[in-house]
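Student: Here it is, the structure, as structure tokens.
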Amino acid sequence: MRLVDLDRPALVIVDAQSGFRDSTFWGPRDNPACEDNIARLLDHWRTRCWPIVFVRHDSDDPSSPLSPTNAGNAFEPFLTGEPDLLVSKRVNSSFHGTPDLDAWLRAEEIHQVVICGITTNHCCETTARVAGNLGYDTYFAIDATHTFDRRSPDGQIIDAATLSHITATNLHAEFATVTTTSDLIDS
């Protein structure tokens with residue numbers, strides 16, 4: 001992993017919602033340490049008094065565990081306290097929600113973001129790509145994310161660990177610095 005040089009970065013915790021614990025809906029996942037690593041990052045940010053953003057996916061699909069009408073829309077219990085900003089979104093990117101994450105970061109003069117949450121290859125990766133495109137110094141805490149097995153267009157099942165590895169490969173050095181929870185905390 002690359003050296004991490006942090007200067008008051010915002011921790012963007014994407015979709016850490018209890019609905020993702022529904023394995024009958026989502027299927028098998030990777031990285032059982034994800035939630036513990038997010039909690040470690042959150043504690044570290046609070047100790048440093050650095051800005052924290054919670055992002056919540058409010059699905060338009062009433063059958064989704066992430067629908068605002070379902071209990072799974074709630075944040076995981078380890079997301080304690082109030083964030084500096086709460087973004088509600090209905091699409092993959094945290095930059096396409098309400099309130100406007102980019103506007104808030106610029107108003108707060110924040111130039112670095114650290115992204116973690118669920119799922120690695122959907123909302124987390126999309127958020128990292130947009131952050132990189134917008135010019136933010138972006139860090140992606142790969143071990144503080146998780147995803148689920150997915151079926152490819154040709155019918156193959158791609159396991160979650162492979163999808164996470166592909167996301168890290170896609171993002172690193174072009175959109176973000178892919179790093180670990182320990183590297184971020186030890187920086």
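The values are calculated or read from the model by the stated rules, or taken from the named source; none is laboratory data. Because the structure is a prediction, the values reported are computed rather than measured. Virtual Cβ from ideal backbone geometry, glycine too; neighbours counted across all protein chains shown.
Student: Would you pick out the residues in region 73-101 that are surrounded by fewer than 18 Cβ atoms within 10 Å (Cβ to Cβ) and not in a strand (DSSP E or B)?
Tutor: Matches in region 73-101: A74, P77, F78, T80, G81, E82, D84, R90, V91, H96, P99, D100.
Student: Is it fair to say D186 is at pLDDT 95 or above and of a type in the set (D, E)?
Tutor: On the way: at pLDDT 95 or above: no; of a type in the set (D, E): yes.
Criteria not met by D186.
Student: From I166, I115, grab the single residue that is touching a Cys at 6+ places or on another chain (Cβ under 9 Å) and either under 19 Å from D30 (Cα atoms) or surrounded by fewer than 24 Cβ atoms within 10 Å (Cβ to Cβ) (or both).
Tutor: It is I115.
Student: OK, next. Looking only at region 153-175, decide whether some residue is in a loop (DSSP other than H, G, I, E, B), under 14 Å from the mean Cα position of the chain (by Cα) and modelled with pLDDT of 95 or more.
Tutor: Here is the first cut: in region 153-175, the ones in a loop (DSSP other than H, G, I, E, B) are 153-156, 159, 173-175.
Subsequent filtering for residues that are under 14 Å from the mean Cα position of the chain (by Cα) retains none.
No, region 153-175 has no match at all.
Student: Something else now. Pull out all pairs, ordered by first then second residue, where Cβ-Cβ is under 8 Å, the residues are six or more apart or on different chains, the first lies in region 48-67 and is in contact (Cβ under 8 Å) with a residue 60 or more places away in the chain and closer than 21 Å to F95 by Cα, and the second is buried (at least 20 other Cβ atoms within 10 Å of the Cβ) and basic (K, R).
Tutor: V55/K89; H57/K89
Student: Have a look at N31, N37 and point out the one that is surrounded by 17 or more Cβ atoms within 10 Å (Cβ to Cβ), in a helix (DSSP H, G or I) and not basic (K, R).
Tutor: Values: N31 fails: in a helix (DSSP H, G or I).
Step by step, each of N31, N37 is checked, and only N37 is surrounded by 17 or more Cβ atoms within 10 Å (Cβ to Cβ), in a helix (DSSP H, G or I) and not basic (K, R).
Student: While we're looking at this one, here's another question. Return the residues of region 21-44 that are closer than 12 Å to L11 by Cα and free of Cβ contacts under 8 Å to residues at least 60 places away in the same chain; say none if nothing qualifies.
Tutor: Let us first name the residues in region 21-44 that are closer than 12 Å to L11 by Cα, namely 38-44.
Result: A39, L42, D43.
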